[in-house]
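Peer 1: One structure, pasted below without further comment.
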Amino acid sequence: MDRLNWIEKQRQSGNFRQLTPVKRMQDGTLQLAGDTEKAVLHDFSSNDYLALSLHPDLIAASRKYLEMAGAGAGAARLMSGDLTVYHELEKKIAELKGQEAALLFGSGYLANCGIIPALLGRQDVVFCDRLNHASIYDGCRLSRARLVRFHHNDLNHLEDMLKSRRGKGEALIVVESIYSMDGDRSPLKELVSLKEKYGCLLMVDEAHATGLFGPNGGGVIEEEGLSSHVDLAMGTFGKALGSYGAYVAASGSMIDFLVNRARSFIYSTALPPAVVGASLAAIKIIQKQPELRQKLFAKVDLFKSILRQGGLDVLGPSQIVPVLIGESSTAVYLAEKLRRKNIFATAVRPPTVPEGTARLRFSITLHHKNDVLKQTAATLLEILEKG
């Protein structure tokens, strides 16, 4: 590959990516590194939905575990790195997700790239929603199973694929409960019916749902009462829970299997104890303070209502608000205009989203005050109108 030529093509198409060093303030706002004027930017690209990453209880718990167990585990868990704190967190996660057991991973990417290849091989098949996260697709490819993509949230198309391509080996249906780029919701009850009808496993990625849905923050699976019907409930700590890492919750036998088969678990150093401490504190908060979720979705409703009043078609039931632009270069241009208005909203472009669907993606968090949401919505509508 001619790397320089490839980079130039990315620039010309508007799909070239660059890192943007920022300083994060205690109220969740940002300052761009090197900005001598120190302008305050309101961050609409964060997944810190409940503002827990800066919560004093998480910081205190993290400090406690840092001092108690050190800066790092020092080894993979199957060596000498299996600290008791990991089992404590796994027990809490299993209870939160309504499953028998759970297993921690270093990140959501490592989880999806470890779980799916552990379950499937060349003789098997995986049915994957077209809009699933890149980490799910990479896990599918690593498994070497037959990859069958079905139209996004299209149950009829999925059933057609199941009828014609199910085969005799192991079969896995994998979806997200809340989709990270569109903010829409998966029809889980209907998916459970299909997985039972055709003898498949069902894996649900709840990265953007854990902490936000369900009476205890257990996600869409909990909210819909499907814990006993979902074979693998995967999720992350780095979004609404404000920490880092990931998990999968499942039956005890499934977790035993993954401990012995998931390479991204077996061959990775265990998470830092301070991170685990923060995650434990976050679970306690989401279970005991459901008002945080209620407060967040009141903000979501406020933001969306202003956009709708301005004539913008806003879809989806979640805290993720995508504004479809189309061309990548236009999305980048509009993101820059917003930044000059002190609004940090990243332009999401291919290959993260399909060609021709570049967008501005707004994540609503508890960091956002209502007056900021009102002003941001008004500014967005004005910029879209002027172009």
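Peer 1: Give the residue, chosen from Leu334, Leu296, Leu292, Leu315, that is hydrophobic (A, V, I, L, M, F, W, C) and surrounded by fewer than 14 Cβ atoms within 10 Å (Cβ to Cβ).
Peer 2: Of the residues listed, the single one that is hydrophobic (A, V, I, L, M, F, W, C) and surrounded by fewer than 14 Cβ atoms within 10 Å (Cβ to Cβ) is Leu315.
Peer 1: How many of the residues in region 1-26 are within 20 Å of Leu54 (Cβ to Cβ), loosely packed, with under 12 Cβ neighbours inside 10 Å and out of contact with any Leu (no Cβ under 8 Å at 6 or more places or on another chain)?
Peer 2: Here the count works out to 0.
Peer 1: Another question about this same structure. Suppose we filter Ala378, Ala358 for residues that are at pLDDT below 95, out of contact with any His (no Cβ under 9 Å at 6 or more places or on another chain) and under 19 Å from Leu307 (Cα atoms); which single one remains?
Peer 2: Just one listed residue meets the conditions, Ala358.
Peer 1: Mind checking whether some residue in region 195-204 is surrounded by 19 or more Cβ atoms within 10 Å (Cβ to Cβ), touching a residue at least 40 places away in the same chain (Cβ under 8 Å), under 26 Å from Phe44 (Cα atoms) and touching a strand residue (DSSP E or B) at 6+ places or on another chain (Cβ under 6 Å)?
Peer 2: Within region 195-204 (the criterion being surrounded by 19 or more Cβ atoms within 10 Å (Cβ to Cβ), touching a residue at least 40 places away in the same chain (Cβ under 8 Å), under 26 Å from Phe44 (Cα atoms) and touching a strand residue (DSSP E or B) at 6+ places or on another chain (Cβ under 6 Å)), the answer is no, since none of the residues qualifies.
Peer 1: Looking only at helices (runs of 4 or more DSSP H) that lie completely in region 46-143, which have at least 2 residues being over 24 Å from Ser318 (Cβ atoms) and touching a Lys or Arg at 6+ places or on another chain (Cβ under 7 Å)?
Peer 2: Output list reads 108-119.
Peer 1: Report, by residue number, each residue of region 39-98 that is farther than 24 Å from Phe265 by Cα, charged (D, E, K, R) and in contact (Cβ under 8 Å) with a residue 40 or more places away in the chain.
Peer 2: Hits for region 39-98 are Asp43, Asp48, Asp57, Arg63, Lys64.
Peer 1: When region 1-37 is examined, which residues are found to be at pLDDT 90 or above and of a type in the set (Val, Ile, Thr)?
Peer 2: Within region 1-37, Ile7, Thr20, Val22, Thr29 qualify.
Peer 1: (1) closer than 27 Å to Ala51 by Cα; (2) aliphatic (A, V, I, L, M); (3) in a helix (DSSP H, G or I): which one isn't true of Leu384, the others all being true?
Peer 2: (1) is the only condition that Leu384 fails.
The values are calculated or read from the model by the stated rules, or taken from the named source; none is laboratory data. Note that this is a predicted model, so its numbers are computed, not measured. No Cβ is skipped: glycine too gets one built from the backbone with ideal geometry, and neighbour counts run over all protein chains shown.
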